[in-house]
Amino acid sequence: MTTAPSRRQPHGPQGPHGQHGQHGQHGQHGLRDFYEDPAVPVASGTPRSLRQARMLAAALGPATSGPRTVLDIGCGDGTAAATAAPLLAGHRVIGVDWSQDALRRAHARLPYAVRGELTDGGLPFRSACADAVLFSEVVEHLVDPDAALDEIRRILRPGGHLMLSTPNLAAWYNRGLLLAGVQPVFSEVSLRAIHGRPGKEVVGHLRLYTPRALREFVTASGFEVAALRGAPFHGVPRPLRPLDRLACHVPSMASILLLHARRT
């Protein structure tokens, strides 16, 4: 299996590129260069994007009572937001990313795409202005996910929706791999190469979550979890994909976790 394709991440001063991160100056520049590398994948898989978009469309409802504002934070090249757009007709979708390279590509797919950082009030939006936030395959890349969720909570109105997706450390195949002494899929010990497991593509995963850890983390950050669902991973070998789709019916075993939470 290869690792999950990531999206450009809107890191801020407390993230991998910031002065208050856990890396030295050399590490900061290394991560900055890594995330600006055009060779690093920036698009989420379409099945995940569609499942997440359907969850959000059901939560928001039709735009007959007025358009809602949806921020896709970590929009990457805009593929996920563009995939969701037909299901969110009438609502305003705005892409946000830290990477200038990703934003150049996002502008080709989205009517609105702006640069923003997740920490220190870095997102260019006033408090309680957004009705929903898409946060797809971002949290696993952050040095300071606490500050990121604090900022998301700031810009969401009370009762606003957070749609977060991230790889599942406890995916069905990872349980077997760990028993065999193999590094779990999605985990990375280096920015230069994959070690200890199959795969070659490094995408910059810094932390991974089990369903229980994700629920507890989001709840502790001031959200109420409304739903947790599963999605497949395109990197599963073709003969095993039926099993991967079947695992989606048991989110704790699924490859990708799709979490819907509401701001308290």
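The values are calculated or read from the model by the stated rules, or taken from the named source; none is laboratory data. Please read these numbers as outputs of a predicted model, since none were measured by experiment. Ideal geometry is used to build each Cβ from the backbone, glycine not excepted, and the neighbour counts take in all protein chains shown. Heads up: the accessible areas ignore ligands, DNA and RNA and are worked out on the full protein's heavy atoms, side chains in. Shrake-Rupley method; radii C 1.70, N 1.55, O 1.52, S 1.80 Å.
Quick notes on this structure:
- Amide N of the range 72-109 lying under 15 Å from the label point, which is placed 7 angstrom from the Cα of L50 along Cα→Cβ: 80-88
- Residues D146, D244, ordered by accessible area of protein heavy atoms at a 1.4 angstrom probe radius and largest first, appear as D146, D244.
- Among 249-255, 74-80, the order from most to least packed when residues are scored by Cβ within 10 Å on average: 74-80, 249-255
- Model label sites at L246 and T264, defined 7 Å from Cα along the beta-carbon direction, differ in position by 3.8 nm.
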